[in-house]
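S.K.: Before I ask anything, let me first share the structure, which is written out below as C-alpha cells.
The values are calculated or read from the model by the stated rules, or taken from the named source; none is laboratory data. Since the structure is predicted, the reported quantities are computational estimates derived from the model, not experimental observations. Glycine gets a Cβ as well: all are built from the backbone with ideal geometry, and neighbour counts include every protein chain shown. Ligands, DNA and RNA are stripped out before the accessible areas are found, and what is left, the full protein with its side chains, is counted by its heavy atoms. Shrake-Rupley method; radii C 1.70, N 1.55, O 1.52, S 1.80 Å.
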Amino acid sequence: MRRKVLALLLAVGLAIPATADRRRAVEKPATAAAASDDEFLRRVTLDLTGQIPDAATVVAFLDDPSPGKRQKKIDELLVSEAFVDRWTLWFGDLVQNVQISNNAREYYIGRNAYYTWIRTSFAANKPYDAMVRELLSGRGDSFESGVANYVVRQIQLNGPPQDTLDNLAAHSAEKFLGLPALCVSCHDGFAHLEQVNTYLAKKKRMDFWRMAAFFSKTAARPQPANLPENPNVRKFDVRDNPRGAYLLNTTDGNKSPRQPFPGDSNVVEPAFLLTGETPRAGEDWRDAYGRMLTADRQFARATVNLLWKELFGRGFVEPVNSFDLTKLATQPSDPALLESLTDSFIAGRYDLRAVLRTMTTSDAYARSRRDRRLPAEMLLDAIAKATGVPFRFNVQGLGTVERAMLLPDPFEGGRRTPASQFLDNFGRGDRDDVARSNDSSVIQALALMNDTIVTQRVRRNTAGSAVGRVLAKTSDPAAIVDELYLVTLSRRPTAEERSFATGYLRGGNLAARTEDLQYALINTSEFLFY
C-alpha cells in the first residue's frame, strides 16, 4: 500500500511543506484573502475546542445561507464542554500543573485536585482575575485544595526557603504579567539587561526580593499522605505563617548570596515590583499581592497577548514573557490593537470567553491562513475523530478518557505507549524543563506516514473505522471521496480533487484504495496545519 499512497501524495502535490515555508506565510498576514466557510469552521472549532468538526456539522454550516452563521457558531463553541476541556489544558500548561518536576512533587492526587479546580473554574466562566487571585492566595491540603498546589509546584527542594519565594515571584511575574523578572533575582539589572529589557535594567535585586516577600508569610508543611500503595508520598499543608520573613544573608541554594545594603536590615518588606505599592494595614500579604497584580493594567495586557498568540500563532509581543514596559509604544507589533483589546478585557470584567469572542469575530481572524501546526493533543484527537477510532487513556485517580485533550498532565496515558510517544514527537513538552513546541520535523512526517496510530486506524477491518463505515454504506467512489474529505479535512473536495480521487478508487481494489485515500489525506499539510 505504501508505494501506491506515496504516488497519490506526490500526484496531488500534498507533501508536507518545510517549516520555513510556514514561517514565511506568517510574515504576510495582511495580504491574505477572506477565509472560506470550511476553513473558518475548522480553524475556529480547533481554536476554541481543540477538536475538528464532524462531517454533519460541516455540511450544515456550509449549507447555511444565513449571514450571521459564523457568530452563531462561535457562540455555540464558547459554551460547549469541549471549550472547557481545551482551555483547561491551556491553563494547565501556563501554570505547569504536573505531578512530578525536577524541583517539586504534587503527585497525581494533588495534580488532580489542581486540574479539577482549573476545569471547574472554566466551566463556571469564573473571571480570569479571580482565578489568579485564588491561586496566589491558595491555602489548604494540597491533595484536597487545588489552589494550594500553586505554591507546592514552585517549592525548591534543594535550597533555602528564599529560593521557593523567588520561584513564586518569578513564575507569577512571567505567567501573569509577561515579565522576565527572574533575570533580577540573581543580579541587578544595571549593566546586565540594557540590551534585553530596558525596564528591568533599572530594577535591583532588592526590588525583586520585595516582591518575593509577599510569599514569605506562607508555609508549605509536608505531611504523610498515608497512601497504602506508596507510604513515602508526602502531601503539603499550605497555610499562613505569621512569623515568616524574607531574610537576607543567605549563601547557599541556587542563587548568588543575598546581602542587604550596608546598614540596612536583613528582613525584606514586601512591595509590588511595578508600582512600589505595599500591603494595607492588616491585609494578608498574598491577598495583597493578588489584588495588586490583577489590578495592574499589565496583567490584562499580558493575558490578551497570551490569548492572541493562542488564536493567531504569534503574540503582539514575542516571546510572550518579554514585555519591556518602557517600550509599549514600539515593542508590540500593533500597540493600538493590543491596548484596545486590553481595554475591552478590563471593561468586560476579565471574561475570557468575551475577549475570545471579540478576537474570533474580528476581520483579522476571518482571513485565510494555514500557518500553525496542530498542537500534539489536537493532532492526536483529530486523527481519532477523522478515522472514527478513539484512543483510551487510563488516568490515575480520574479513570479512562478518550481524548488527549483530557489528559491532566504529560505523565498520564503511559509514558512508553505509542500514543504518548506520538505526543512527545509532536512537541507537547513536559511542563517542566521541556517547553511545548509547534515546530515541524522529519520525525513527525515519518510518524504520520508509518506509525500504527495512523496506519491501523485507516483500515476497513478496524472496529468503528470511518473507512469501514463508508464502505458498508456505499460502493460509489464519488460518495466515498466526499465522505472522507468531510470527516478528514472538514470540507468537500474540489471538482479536480474529486475527479482525481474517484479515478484512483476505480483503478484497483476499492476497499484497499479507500484506505489509501484517507491515509493520504491525513498525511497532507492541510490536515496537519490550520
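S.K.: Being surrounded by fewer than 21 Cβ atoms within 10 Å (Cβ to Cβ), in a helix (DSSP H, G or I) and small (Gly, Ala, Ser): is that true of Ala113 here?
M.R.: When the stated conditions are applied, Ala113 does not pass them.
S.K.: Another question, if that's okay. Determine whether Glu310 is assigned to a loop (DSSP other than H, G, I, E, B) and either in contact with a strand residue (DSSP E or B) (Cβ under 7 Å, 6 or more places away or on another chain) or among the acidic types (Asp, Glu) (or both).
M.R.: Judged against the criteria, Glu310 is not a match.
S.K.: I've got another one for you. Of all residues in segment 120-134, which are out of contact with any helix residue (DSSP H, G or I) (no Cβ under 7 Å at 6 or more places or on another chain), assigned to a helix (DSSP H, G or I) and hydrophobic (A, V, I, L, M, F, W, C)? Spell out how you get there, then give the answer.
M.R.: Residues of segment 120-134 that are out of contact with any helix residue (DSSP H, G or I) (no Cβ under 7 Å at 6 or more places or on another chain), as a first pass: 120, 124, 126-127, 130.
In the following step, the residues that additionally are assigned to a helix (DSSP H, G or I) were identified as 120, 130.
Hit for segment 120-134 is Ala130, nothing else.
S.K.: Answer yes or no: is there a residue in segment 348-367 that is without any contact (Cβ under 8 Å) to a residue 60 or more places away in the chain, part of a helix (DSSP H, G or I), open to solvent by 30 Å² or more (accessible area, probe 1.4 Å) and more than 27 Å from Val147 (Cβ to Cβ).
M.R.: yes
S.K.: Filter segment 185-215 for residues that are under 29 Å from the mean Cα position of the chain (by Cα), at pLDDT 95 or above and part of a helix (DSSP H, G or I) and give the result.
M.R.: Passing the criteria: Leu200, Phe208, Met211, Ala212, Phe214, Phe215.
S.K.: Let me ask you something else. Looking only at segment 93-113, decide whether some residue is modelled with pLDDT of 95 or more, in contact with a Pro (Cβ under 8 Å, 6 or more places away or on another chain) and within 29 Å of Asp296 (Cβ to Cβ).
M.R.: There is at least one residue in segment 93-113 that is modelled with pLDDT of 95 or more, in contact with a Pro (Cβ under 8 Å, 6 or more places away or on another chain) and within 29 Å of Asp296 (Cβ to Cβ).
S.K.: Identify all residues within segment 428-480 that are within 14 Å of Arg513 (Cα to Cα), under 29 Å from the mean Cα position of the chain (by Cα) and surrounded by fewer than 20 Cβ atoms within 10 Å (Cβ to Cβ); write none if there are none.
M.R.: Thr455
S.K.: Moving on. Which number in (1) farther than 21 Å from Gly146 by Cα; (2) touching a helix residue (DSSP H, G or I) at 6+ places or on another chain (Cβ under 8 Å); (3) modelled with pLDDT of 90 or more marks the one condition that Ser265 misses?
M.R.: Answer for Ser265: the failing condition is (2).
S.K.: Here is a further query. So, in segment 368-414, of the ones that are small (Gly, Ala, Ser) and more than 14 Å from Ile52 (Cα to Cα), which residue ends up surrounded by the fewest Cβ atoms within 10 Å (Cβ to Cβ)?
M.R.: Going through the qualifying residues, I end up with Gly399.
S.K.: Another question, then. State all residues of segment 481-507 that are open to solvent by less than 30 Å² (accessible area, probe 1.4 Å), within 24 Å of Arg43 (Cα to Cα) and not small (Gly, Ala, Ser); if no residue qualifies, say none.
M.R.: Val481, Leu484, Tyr485, Leu486, Val487, Thr488, Leu489, Arg491, Pro493
S.K.: Regarding Glu269, is this residue in contact (Cβ under 8 Å) with a residue 24 or more places away in the chain, of a type in the set (Asp, Glu), surrounded by fewer than 16 Cβ atoms within 10 Å (Cβ to Cβ) and at negative phi?
M.R.: Details: in contact (Cβ under 8 Å) with a residue 24 or more places away in the chain: yes; of a type in the set (Asp, Glu): yes; surrounded by fewer than 16 Cβ atoms within 10 Å (Cβ to Cβ): yes; at negative phi: yes.
Criteria met by Glu269.
S.K.: Taking Thr275, is it of a type in the set (Ser, Thr, Tyr) and either assigned to a helix (DSSP H, G or I) or touching a residue at least 40 places away in the same chain (Cβ under 8 Å) (or both)?
M.R.: In short, no.
S.K.: Among the residues of segment 411-432, which ones are under 21 Å from Ile100 (Cβ atoms), at pLDDT 95 or above and assigned to a loop (DSSP other than H, G, I, E, B)?
M.R.: Gly427, Arg428, Gly429, Asp430, Arg431, Asp432
S.K.: Name the residues in segment 238-254 that are open to solvent by 30 Å² or more (accessible area, probe 1.4 Å) and either touching a residue at least 60 places away in the same chain (Cβ under 8 Å) or touching an Asp or Glu at 6+ places or on another chain (Cβ under 7 Å) (or both), would you?
M.R.: Arg239, Asp240, Leu247, Asp252, Gly253, Asn254
S.K.: Here's another thing I want to ask about it. Do we have Arg234 as within 33 Å of the chain's Cα centre (by Cα) and either at pLDDT below 95 or open to solvent by 50 Å² or more (accessible area, probe 1.4 Å) (or both) here?
M.R.: Answer is yes for this residue.
S.K.: Let me ask another. Here's a check for you: in segment 143-188, which residue that is closer than 30 Å to Gly397 by Cβ and among the acidic types (Asp, Glu) is surrounded by the fewest Cβ atoms within 10 Å (Cβ to Cβ)?
M.R.: By that ranking, first place goes to Glu144.
S.K.: Search segment 314-347 for residues being in a helix (DSSP H, G or I) and not hydrophobic (A, V, I, L, M, F, W, C), and hand back the single one that is nearest to the chain's Cα centre (by Cα). Explain how you work it out, then say what you get.
M.R.: Going residue by residue through segment 314-347, those that are in a helix (DSSP H, G or I) are 335-347.
Then drop every residue that is not not hydrophobic (A, V, I, L, M, F, W, C), which leaves 335, 339-340, 342-344.
Values: Pro335: 24, Glu339: 23, Ser340: 24, Thr342: 20, Asp343: 24, Ser344: 22 Å.
Among them, the one singled out is Thr342.
S.K.: A follow-up question, please. What helices (runs of 4 or more DSSP H), lying completely within segment 433-496, carry at least 1 residues that are polar (S, T, N, Q)?
M.R.: In segment 433-496, the matching helices (runs of 4 or more DSSP H) lie at 442-450, 452-455, 477-489.
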